[in-house]
Amino acid sequence: MTDRGQGPPEDLAEPTPAGAVEVVTGLGKAYKGVLVAAGGIVAFILILLWGANRPANPTFADTSSTGTATTAAGPAFADKKIGVGTSCLHVLVADTPEKRAEGLRHRDNLPGYDGMIFEFGQTMDHGKTRFTMSDVKFPLTIGFYDQSGLRVDATDMTPCSGSDSSCPSYGAKANFNTAIETPKGKLPDGPLTACPS
């Protein structure tokens, strides 16, 4: 016989539904290892995506200007170091219309330099901006880079003794902000980066 003032024995009592907090706590305990592993994988993938194929410093800051170089018939060029992929190049800087028009003309070689960087300061239309090898005396490779420093195209160029209008012209397959010329075959693969200090 049971006392009417008491409810049913504990093993016969209706269970009370668990609240949201209890459900989450229970699942968290049961799947703690799985959740930690999934969080680690997601964090690793995000880190890879964040750094994938992006330059360390797309501002192309002049990190070590050491002076200027002149040509017999052209303007004075500043110089600086710029990273390309895992390499650090010492280049002349063509950053004005006059310097870009002169480029590497009238030179027999590039003593002390790895090439020339053409900085436009804006995105250039690949269909309208082209380069010629008029009066350039040695073969070059030119690489074209977008505003984030990724290479959009590269091509080899052959010397030409004619005028700009009679020599072949070379351009990129996509719009670009920067171009780098090096002796043929010497342009490293990869995006523009900052040279290590």
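Take Val84 and decide whether it is modelled with pLDDT of 90 or more and either open to solvent by 30 Å² or more (accessible area, probe 1.4 Å) or more than 17 Å from Pro183 (Cβ to Cβ) (or both). Here the answer is no, as Val84 does not meet what is asked. Taking the criterion of being within 18 Å of Pro97 (Cβ to Cβ) and not in a loop (DSSP other than H, G, I, E, B), the residues of segment 145-178 that qualify are Ser169, Phe176, Asn177, Thr178.
Residues that are surrounded by 19 or more Cβ atoms within 10 Å (Cβ to Cβ), touching a helix residue (DSSP H, G or I) at 6+ places or on another chain (Cβ under 9 Å) and either modelled with pLDDT of 95 or more or not basic (Lys, Arg) (or both): does segment 105-112 have at least one? No, the conditions are met nowhere in segment 105-112. Scanning segment 122-158 for residues that are open to solvent by 50 Å² or more (accessible area, probe 1.4 Å) and not β-branched (Val, Ile, Thr) yields Gln122, Asp125, His126, Gly127, Lys128, Arg130, Asp135, Lys137, Pro139, Gln147, Arg151, Asp156. Note down all Cβ pairs under 7 Å where the first residue falls in segment 174-185 and is more than 16 Å from Val91 (Cα to Cα) and of a type in the set (A, V, I, L, M), the second is part of a strand (DSSP E or B) and modelled with pLDDT of 95 or more, and they're at least six residues apart or on different chains. Pairs that qualify, where the first residue is more than 16 Å from Val91 (Cα to Cα) and of a type in the set (A, V, I, L, M) and the partner is part of a strand (DSSP E or B) and modelled with pLDDT of 95 or more, are Ala174/Val152; Ala174/Asp153. Evaluated against (1) under 17 Å from Gly85 (Cα atoms); (2) open to solvent by less than 30 Å² (accessible area, probe 1.4 Å); (3) touching a residue at least 40 places away in the same chain (Cβ under 8 Å); (4) touching an Asp or Glu at 6+ places or on another chain (Cβ under 9 Å), Thr193 falls short on exactly one condition, (4). A search for C-beta distances below 9 Å between a residue of segment 107-130 that is in contact (Cβ under 8 Å) with a residue 12 or more places away in the chain and any residue that is part of a loop (DSSP other than H, G, I, E, B) and among the acidic types (Asp, Glu), counting only pairs 6+ apart in sequence or on different chains, returns Ile117/Asp95; Phe118/Asp95; Glu119/Asp95; Phe120/Asp95; Gly121/Asp95; Thr123/Asp146. Specify the residue that is nearest to Phe131 (Cα to Cα); the eligible residues are those in segment 179-197 that are among the hydroxyl-bearing types (Ser, Thr, Tyr) and part of a strand (DSSP E or B). Out of the qualifying residues, it is Thr182. Inclusion of Phe144 among residues that are farther than 16 Å from Pro168 by Cβ and modelled with pLDDT of 95 or more is warranted.
The values are calculated or read from the model by the stated rules, or taken from the named source; none is laboratory data. This is a predicted model, so every value here is computed, not measured. Methodologically, a virtual Cβ is constructed for each residue, glycine included, from the backbone with ideal geometry; neighbour enumeration extends over all protein chains shown. With ligands, DNA and RNA removed, areas are computed over all heavy atoms of the protein, side chains included. Shrake-Rupley method; radii C 1.70, N 1.55, O 1.52, S 1.80 Å.
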